[in-house]
Amino acid sequence: MSEIFQIAVDGPSGAGKSTIAKAIARKLDIDYIDTGAMYRALGYKMLQLGITEEEPDKVAKLLAETEIDFSKGDIILDGSVINDLIRTPEISMKASACSALGIVRKHLVKVQQEMGAKKSVIMDGRDIGTDVFPNAKYKFFITATAEERANRRYKELCEKGENVSYEETLESIIQRDYNDSHREVSPLRKADDAEEVDTTNMTIDEVVKYICDKIK
Ligand code: DC
């Protein structure tokens, strides 16, 4: 495939979007862009500097002074790799909170559009098929029940040695679903022309195969 094209992968937290998108990127030999990691990186920096969502002037200044990029699968914030630092329950909530701010979305959407304009990409997030690339050639909306998503996230956090309970994980998933789909700016919703894939009873390999078959 020589033309430049975008694959949009949206859906709620913990549906497996990033694992699926990464595997598809490898198979198709295109770049994978994890837009959630960009909101997490910004949330991480806001926490470090003690900036809250109620301080729009400080957030605007911060955006102007912040560089978020990807290199060889790593997420880079102002020149430092921050992969593991942004995968904590605290940063998940902060990312969800700061992603509700219009100035934050406007800024990061522009950066994402620039990233996907130069080369073929698969991008995962909440608004890729609706706002970032409304004309993407392929659009998928990946879902699973909240319980199944909490199960998956809980296992992942336990493997990393995080001290959390299943109940807390489920509560956090439900809270983020609510935040992400009720915010005023670009709430999470399926694009009309996206295909919904319910992965509750599917393995990652099955989902990857299903999507790759659609793309070929
Ligand atoms: O995909 P994730 O869990 O890493 O995303 C972290 C938060 O960022 C999530 O709660 C919603 C927000 N987000 C968003 O609003 N838009 C995106 N394109 C990606 C993530």
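The values are calculated or read from the model by the stated rules, or taken from the named source; none is laboratory data. Bear in mind that the values here come from a model prediction, so they are computed numbers and not experimental data. Glycine gets a Cβ as well: all are built from the backbone with ideal geometry, and neighbour counts include every protein chain shown. Accessible surface is based on the protein model in full, side chains and every heavy atom, while ligands, DNA and RNA are left aside. Shrake-Rupley method; radii C 1.70, N 1.55, O 1.52, S 1.80 Å.
Structure summary
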quantity	calculated
Accessible surface of the chain, 1.4 Å probe, proportion on carbon and sulfur as whole %	49
Inter-part distance where region 145-216 and region 30-79 are each reduced to a Cα centre, Å	22
For residue 200, net neighbour charge (Lys/Arg +1, Asp/Glu -1) across residues whose Cβ lies under 10 Å away	-2
DSSP H segments from the chain that extend 27 Å or more along their own axis, Cα-based, with Kyte-Doolittle mean of 1.0 or above	none
Calculated over region 7-68: convex hull of Cα atoms, volume per residue (Å³)	113
Calculated P(r) tail over 33 Å for the chain, as whole % of Cα pairs	10
Highest-MSF residue in the chain out of 172, 80, 120 [GNM, Cα springs under 10 Å]	80
Packing-based ranking, highest mean first, of 173-184, 134-145 given that Cβ atoms within 10 Å are counted	134-145, 173-184
Low-density loop cleavage sites - GluC sites (Glu not before Pro) in region 24-66, where at most 12 other Cβ are within 10 Å (DSSP)	54, 65
Gain on full stretching of the segment that runs from residue 114 to residue 174 - 0.36 nm per residue minus C-alpha separation	18.4 nm
Inter-label distance for residue 71 and residue 31, nm, one decimal - labels placed 7 Å from Cα along Cα-to-Cβ	1.4
Share antiparallel - DSSP beta bridges, the chain, percent rounded to 5	25
Value at 222 nm in deg cm²/dmol, rounded to 500, when DSSP H runs of n ≥ 4 in the chain each add -39,500 (n - 2.57)	-15500 deg cm²/dmol
